[in-house]
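Reviewing the structure listed below.
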Amino acid sequence: MAIVHEILNYFKVEINREQCKKCKRCVNHCSYGVLSFNGEKIVSDDQKCVACQRCAVMCPGNAIRIVQNESFLPPHGNYTRKIRNIIWAQSGDGGVLLAATGNDRPIRSIFDDLLLDACQVTNPSIDPLREKIETKIFFGRRPEKLTFVSDQDDLEGVSLKTKLMPNFEMDMPIMVGHMSLGSISYNACHAIYKAAKELNIVAGTGEGGLHPDFFEYAPNIITEVASGRFGVDLNYLHNAAALEIKIGQGAKPGHGGHLPGEKVSSLISQTRMIPKGSDALSPYPHHDIYSIEDLAQLIAALKEATRYKVPVGVKIAAVHNSAPIAVGIVRGGADFLTLDGFRGGTGAAPRIIRNHAGIPIELAIAAVDERLRQEGLRDQVTLIAGGSIRYSADLIKAIALGADIGMCAMPVLIAMGCRVCQQCFRGLCSWGIATQQKYLVKRLDVDIAKNRIKNLFHSWNEELKEVLGAMGIDSVESLRSNRDRLRYIGPNPHIAEILGVKHAGE
Amino acid sequence: MRWENYTSLPEQYRNQRVFDGCGISGFINIDGSRVSGDKVIDMISILKERENGLGAGFAAYGIYPKYKDYYAFHFLFDTIAAKTNTLHYLGNNGTIIASEAIPTNTPTNIDNPPIIWRAFFDPKKSNNLEPDEIILKIVMEINANINNAFVMSSGKDMGVFKGNGWSHEIADFYMISGYNAYMWLAHSRFPTNTPGWWGGAHPFNLLNCSVIHNGEITSYGTNQRYLSSYGYKCTLFTDTEVIAYLFDLLCRKHKLPLSIATMALAPPLYDEIEKLDKKDQIILKSIRATYRSAMLNGPFSIVVGYSNPVPTMIGLTDRKKLRPLVAAISDDENTIYMSSEEASFKRLTSSNNNFSMKEIWHPKSGTATIAMLGKGLVRNGLEPSLMKLKSKYEGGLVNGNCA
């Protein structure tokens with residue numbers, strides 16, 4: 001039984017009455033029901049405000065400001081306001097709390113504790129504007145070695161015997177993380193796939209199937225086969241550059257998908273092949289994968305179904321034993337491995353899992369890269385790392401720790417207009433991104449969003465080249481796993497040991 | 001010369017690699033005729049600007065015809081005990097055919113000279129390991145685990161002589177003039193760390209592969225971690241050893257033809273590859289995709305001596321040619337020279353009126369110059385990577401959807 005306890009609101013809508021023209025545009029734009037016109041003036045129900053900023057941005061008179069509620073709870077260093085709010089919310093409705101986006105606890109980022117090297121005197125740095133610096137990479141499995149046969153009679157006659165497994169090229173070591181149609185809107189998906197195509201990178205579909213409208217982007221799409229098998233049919237499998245079996249997600253290791261029924265519109269119901277309005281809860285484990293050999297069978301089945309034309313990989317959340325699990329997955333036949341760190345994002349996840357399960361991606365990359373090397377497998381697979389790569393610095397450090405590709409999703413959403421209000425699971429996104437309501441989805445202009453994503457990754461790639469140039473490296477392939485070019489300045493030297501990185505000054 | 005730090009760096013320097021600028025020189029006689037070390041001493045010692053008296057060395061191929069079927073180990077020892085332990089360890093793993101001090105001109109006033117030794121060795125037969133593989137393990141074991149011992153070289157019918165001093169001092173010390181070889185490599189260095197150490201001087205050798213290197217490998221971390229998967233331990237505090245190990249891995253273990261191996265180490269840019277026909281694109285992209293971690297980055301010019309099976313001298317620079325490399329061919333076309341500076345060739349021609357170069361040229365960035373015993377100049381470092389090579393593919397890269 002719900003016994004609602006009034007919780008102090010976080011935000012307040014401040015309306016400058018002199019500047020307000022009472023045009024009611026803000027009322028129309030607020031999808032959370034905060035603002036209304038009482039016949040005389042605009043009034044706000046601050047309890048509902050999520051600080052999404054839509055009203056403030058849309059106000060033609062620039063009359064609205066969202067401010068923090070200065071009303072003050074008695075301070076306590078341990079029972080913080082957030083913890084008290086969690087207790088009030090749970091004692092109010094007795095349920096598992098949902099949360100969206102990534103872990104919001106202020107845990108120290110290891111990326112921020114890493115510093116990059118640069119050239120001085122003994123090696124010249126390279127100016128990327130004057131010299132070529134390469135960021136192209138291959139995606140897929142490679143053989144351990146190539147076999148060339150030399151012609152006995154002719155010294156210069158050689159022939160390559162090794163047949164490589166499917167690989168494709170990407171122009172940047174960047175991938176858009178998996179966000180399903182359902183968790184985000186049709187327009188958001190469209191913008192992402194278009195951007196991926198124009199940048200010649202790849203984007204993940206998440207577990208929500210692939211709408212037939214998007215089949216044309218297949219060469220730049222990695223589709224996901226998750227425990228719910230939503231939308232999986234032969235068309236789906238055949239319209240992808242690569243297939244990924246989703247075992248876990250950084251935001252909710254050990255959990256399946258959570259798409260609230262509110263977001264299951266007819267479009268979503270078609271694409272996922274589920275009834276309209278029903279909660280799309282994919283099972284926690286795959287019920288045909290209870291062990292590593294089951295996974296190997298599914299990898300083999302997917303390869304068979306796609307006639308060995310595309311790489312098939314596996315995504316796992318970064319957990320304590322990621323390293324041996326990763327080795328098993330690679331031995332099981334995965335062509336690529338995606339690691340998703342504990343800060344990875346989500347459209348909806350239980351707060352308890354999102355905030356407390358998993359390990360940082362930095363440590364997972366280091367441990368997995370090292371273990372795969374010990375087993376002699378590292379160079380054969382493509383290692384993708386995400387959760388959370390916030391900007392180019394994180395991307396560069398992830399690659400230097402051992403990842404081939406950095407995967408990110410939040411920055412893409414933010415580029416499209418997301419203000420990180422963390423309400424994705426409610427389906428009311430006022431920016432038209434994490435919603436299925438037609439009047440909201442319309443707000444997201446596909447081409448503008450696409451161009452913003454393109455600009456973002458173009459700038460990341462340019463910054464990557466700047467760093468490579470400063471390091472005297474002319475191809476991103478020589479940065480991967482080059483931990484020699486990183487130094488640690490954080491408080492815990494043991495982290496540096498696990499990362500295989502020296503302390504600054506060493 | 002500095003009479004200290006023979007088999008290892010002092011403790012306080014071990015967490016850093018030594019960076020250096022260097023002079024490199026070498027030549028190969030195509031007909032296999034053996035000549036004394038005088039010529040290579042002239043070539044290297046003129047490059048005074050590139051050394052600071054803290055390390056030099058020579059590699060000579062064809063110096064032990066009498067023992068050419070056995071692995072010739074050149075050792076540095078700090079102590080008699082290290083020598084005993086090493087020879088004991090060798091004895092346990094095969095037969096020592098001969099074991100003797102390498103003759104040196106040690107000044108009489110030195111109270112702690114290194115023990116410089118050579119042993120000709122025949123490893124025990126093994127059913128599952130090639131003899132080269134056994135030697136590789138022995139070298140790794142001695143360098144990593146036997147205190148005060150260091151393997152300078154471990155190839156057949158060849159040897160490395162190196163130490164801490166000016167190139168002319170090292171030449172005198174080892175009496176390089178007295179050896180006759182068909183291929184000579186020489187190195188002089190300008191290390192950034194003051195102590196220098198004897199084992200850390202170039203050439204770096206593993207089996208029949210010797211590397212002299214000018215520059216710095218900015219991809220060291222990537223290469224070193226790649227090599228670690230194959231059991232190569234990088235313990236020498238220098239980036240040059242990764243080059244020697246990469247050559248060993250690619251040419252000996254993976255059996256890549258030399259020209260292909262050099263393409264893996266300094267591959268053509270993707271922009272260049274895109275201009276080629278489909279067949280060449282597939283071959284080069286397969287190389288880049290498979291050997292992405294073997295690619296060498298940073299400023300370097302190297303000359304590599306290799307003799308498995310045909311003695312060969314290879315010159316290679318980084319893809320931007322941030323370090324110099326010049327090549328020359330003698331009038332009679334029998335000798336191919338390479339050096340970091342043209343002065344090396346000038347020194348030879350000016351001191352001998354009867355001798356001149358037919359041609360002196362500057363190999364292109366990232367393009368190998370390859371001279372082979374009996375075959376001559378196989379590649380001149382000017383032609384595009386796959387030109388001359390009659391390449392075919394039966395496998396190759398399967399282009400995915402994105403390509």
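The values are calculated or read from the model by the stated rules, or taken from the named source; none is laboratory data. Since this is a predicted model, take the numbers as computed values, not measurements. Don't worry about glycine lacking a Cβ; one is built from the backbone with ideal geometry, like all the others, and counts go over all protein chains shown. Calculation scope for accessible area: heavy atoms of the full protein, side chains included, ligands and nucleic acids excluded. Shrake-Rupley method; radii C 1.70, N 1.55, O 1.52, S 1.80 Å.
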(message) I'd like the residue in segment B:257-278 that is open to solvent by 10 Å² or more (accessible area, probe 1.4 Å), assigned to a loop (DSSP other than H, G, I, E, B) and under 24 Å from B:Leu377 (Cα atoms) and, out of all such residues, is modelled with the highest pLDDT.
(response) B:Pro268
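Condition first: part of a loop (DSSP other than H, G, I, E, B) and crowded, with 20+ Cβ neighbours inside 10 Å. Now tell me which residues in segment B:348-372 satisfy that.
First, pick out the residues of segment B:348-372 that are part of a loop (DSSP other than H, G, I, E, B): B:351-356, B:362-368.
The answer is B:Pro363, B:Gly366, B:Thr367, B:Ala368.
Going by the conditions given, is A:Ala415 surrounded by fewer than 21 Cβ atoms within 10 Å (Cβ to Cβ), aliphatic (A, V, I, L, M) and in contact with a Cys (Cβ under 9 Å, 6 or more places away or on another chain)? Working first, answer last.
On the way: surrounded by fewer than 21 Cβ atoms within 10 Å (Cβ to Cβ): yes; aliphatic (A, V, I, L, M): yes; in contact with a Cys (Cβ under 9 Å, 6 or more places away or on another chain): no.
Here the answer is no, as A:Ala415 does not meet what is asked.
Of the residues B:Ser229, B:Ser301, B:Ser210, B:Ser286, which is within 12 Å of another protein chain (Cβ to nearest Cβ), open to solvent by less than 10 Å² (accessible area, probe 1.4 Å) and at pLDDT 90 or above? Give the steps one after another, and end with the answer.
Values: B:Ser229 fails: open to solvent by less than 10 Å² (accessible area, probe 1.4 Å); B:Ser301 fails: within 12 Å of another protein chain (Cβ to nearest Cβ); B:Ser210 fails: within 12 Å of another protein chain (Cβ to nearest Cβ).
Within the list B:Ser229, B:Ser301, B:Ser210, B:Ser286, the selection yields B:Ser286.
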(request) Determine which member of the set B:Gly53, B:Gly57, B:Gly91, B:Gly23 is away from chain A (no Cβ under 14 Å), more than 17 Å from the chain's Cα centre (by Cα), within 26 Å of B:Ile302 (Cα to Cα) and open to solvent by less than 60 Å² (accessible area, probe 1.4 Å). (result) B:Gly53
(request) Being loosely packed, with under 14 Cβ neighbours inside 10 Å and within 14 Å of chain B (Cβ to nearest Cβ) is the filter here, so list the residues in segment A:272-307 that pass it. (result) A:Arg307
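In this structure, is A:Ile137 open to solvent by less than 70 Å² (accessible area, probe 1.4 Å), in contact with a Gly (Cβ under 6 Å, 6 or more places away or on another chain), farther than 20 Å from A:Ala357 by Cβ and within 14 Å of chain B (Cβ to nearest Cβ)?
Working: open to solvent by less than 70 Å² (accessible area, probe 1.4 Å): yes; in contact with a Gly (Cβ under 6 Å, 6 or more places away or on another chain): no; farther than 20 Å from A:Ala357 by Cβ: yes; within 14 Å of chain B (Cβ to nearest Cβ): yes.
No.
Given B:Met295, B:Met313, which one is buried (at least 21 other Cβ atoms within 10 Å of the Cβ) and not in a loop (DSSP other than H, G, I, E, B)?
So the residue among B:Met295, B:Met313 that is buried (at least 21 other Cβ atoms within 10 Å of the Cβ) and not in a loop (DSSP other than H, G, I, E, B) is B:Met313.
For segment A:205-231, enumerate the residues that are within 18 Å of A:Lys309 (Cα to Cα) and either touching a Gly at 6+ places or on another chain (Cβ under 7 Å) or not assigned by TED's automatic domain parsing to the domain that holds A:Val381 (or both). Write out each step before concluding.
Going through segment A:205-231, the residues within 18 Å of A:Lys309 (Cα to Cα) turn out to be A:215-225.
Within segment A:205-231, A:Ile222, A:Glu224 qualify.
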(request) Scan segment A:267-283 for residues that are of a type outside the set (Lys, Arg) and not in a helix (DSSP H, G or I) and report the count. (result) 10
(request) May I ask you to list the residues in segment A:140-182 that are in contact with a His (Cβ under 9 Å, 6 or more places away or on another chain), open to solvent by 20 Å² or more (accessible area, probe 1.4 Å) and not acidic (Asp, Glu)? (result) A:Lys145, A:Thr147
(message) I need every pair where a residue in segment B:238-266 that is without any contact (Cβ under 8 Å) to a residue 60 or more places away in the chain and facing chain A (nearest Cβ under 10 Å) has its Cβ under 6 Å from the Cβ of a residue that is part of a helix (DSSP H, G or I) and among the β-branched types (Val, Ile, Thr), sequence separation at least 6 or different chains.
(response) B:Ala264/B:Ile287
(message) Please count how many residues of segment A:229-252 are surrounded by fewer than 24 Cβ atoms within 10 Å (Cβ to Cβ), closer than 25 Å to A:Gly427 by Cβ and of a type outside the set (Phe, Trp, Tyr).
(response) 2
(message) Suppose we keep only residues that are over 20 Å from A:Leu486 (Cα atoms) and acidic (Asp, Glu) within segment A:357-401. Which one would you say is least open to solvent (accessible area, probe 1.4 Å)?
(response) A:Asp379
(request) Look at B:Met338 and say whether it is out of contact with any His (no Cβ under 8 Å at 6 or more places or on another chain), hydrophobic (A, V, I, L, M, F, W, C), part of a loop (DSSP other than H, G, I, E, B) and under 23 Å from B:Leu265 (Cα atoms). (result) no
(message) Among the residues that make up segment A:189-210, is at least one of them within 12 Å of another protein chain (Cβ to nearest Cβ), open to solvent by 40 Å² or more (accessible area, probe 1.4 Å) and either assigned to a helix (DSSP H, G or I) or of a type in the set (D, E, K, R) (or both)?
(response) yes
(message) Quick check on segment A:83-106. Is at least one of its residues in contact with an Asp or Glu (Cβ under 7 Å, 6 or more places away or on another chain) and surrounded by 22 or more Cβ atoms within 10 Å (Cβ to Cβ)?
(response) no
(request) Could you run through segment A:426-485 and say how many residues are open to solvent by 10 Å² or more (accessible area, probe 1.4 Å) and of a type in the set (Ser, Thr, Tyr)? (result) 2
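Given the criteria at pLDDT 95 or above, in a strand (DSSP E or B) and of a type outside the set (D, E, K, R), does A:Ala366 qualify?
Working: at pLDDT 95 or above: yes; in a strand (DSSP E or B): no; of a type outside the set (D, E, K, R): yes.
So A:Ala366 does not fit the description; no.
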(message) Among the numbered criteria (1) on the phi < 0 side of the Ramachandran plot; (2) away from every other protein chain (no Cβ under 14 Å), which one does B:Glu333 miss?
(response) (1)
(request) Could you tell me which numbered condition A:Asn9 fails, if it satisfies all but one of (1) open to solvent by less than 40 Å² (accessible area, probe 1.4 Å); (2) modelled with pLDDT of 95 or more? (result) (2)
(request) From (1) under 19 Å from the mean Cα position of the chain (by Cα); (2) of a type outside the set (Gly, Ala, Ser); (3) in a loop (DSSP other than H, G, I, E, B), pick out the condition that doesn't hold for B:Asn5. (result) (1)
(request) Select from segment A:111-125 the residues that are more than 30 Å from A:Asp335 (Cα to Cα), more than 7 Å from chain B (Cβ to nearest Cβ) and open to solvent by less than 50 Å² (accessible area, probe 1.4 Å) and list them in ascending order. (result) A:Asp113, A:Cys119
(message) If A:Phe72 meets every condition in (1) closer than 30 Å to A:Asn492 by Cα; (2) surrounded by fewer than 16 Cβ atoms within 10 Å (Cβ to Cβ) apart from one, which number is that one?
(response) (1)
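Is at least one residue of segment A:402-411 of a type in the set (D, E, K, R), under 16 Å from the mean Cα position of the chain (by Cα) and either open to solvent by 10 Å² or more (accessible area, probe 1.4 Å) or within 30 Å of A:Ser278 (Cα to Cα) (or both)? Before the answer, list the steps.
Going through segment A:402-411, the residues of a type in the set (D, E, K, R) turn out to be A:404.
Subsequent filtering for residues that are under 16 Å from the mean Cα position of the chain (by Cα) retains A:404.
The next check asks that each one be either open to solvent by 10 Å² or more (accessible area, probe 1.4 Å) or within 30 Å of A:Ser278 (Cα to Cα) (or both); those that pass are A:404.
Yes.
So which of A:Val57, A:Val43, A:Val27, A:Val34 is buried (at least 19 other Cβ atoms within 10 Å of the Cβ) and not small (Gly, Ala, Ser)?
Details: A:Val57 fails: buried (at least 19 other Cβ atoms within 10 Å of the Cβ); A:Val43 fails: buried (at least 19 other Cβ atoms within 10 Å of the Cβ); A:Val27 fails: buried (at least 19 other Cβ atoms within 10 Å of the Cβ).
Answer to the check: A:Val34.
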(request) Quickly run through segment A:324-350 and pick out the residues that are open to solvent by 10 Å² or more (accessible area, probe 1.4 Å), at pLDDT 95 or above and over 24 Å from A:Ile498 (Cβ atoms). (result) A:Gly332, A:Gly333
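Out of B:Asp69, B:Asp42, B:Asp38, report the one residue that is open to solvent by less than 60 Å² (accessible area, probe 1.4 Å) and acidic (Asp, Glu). Before you say what the answer is, go through the steps one by one.
Numbers: B:Asp69 fails: open to solvent by less than 60 Å² (accessible area, probe 1.4 Å); B:Asp38 fails: open to solvent by less than 60 Å² (accessible area, probe 1.4 Å).
One residue alone meets the criteria, B:Asp42.
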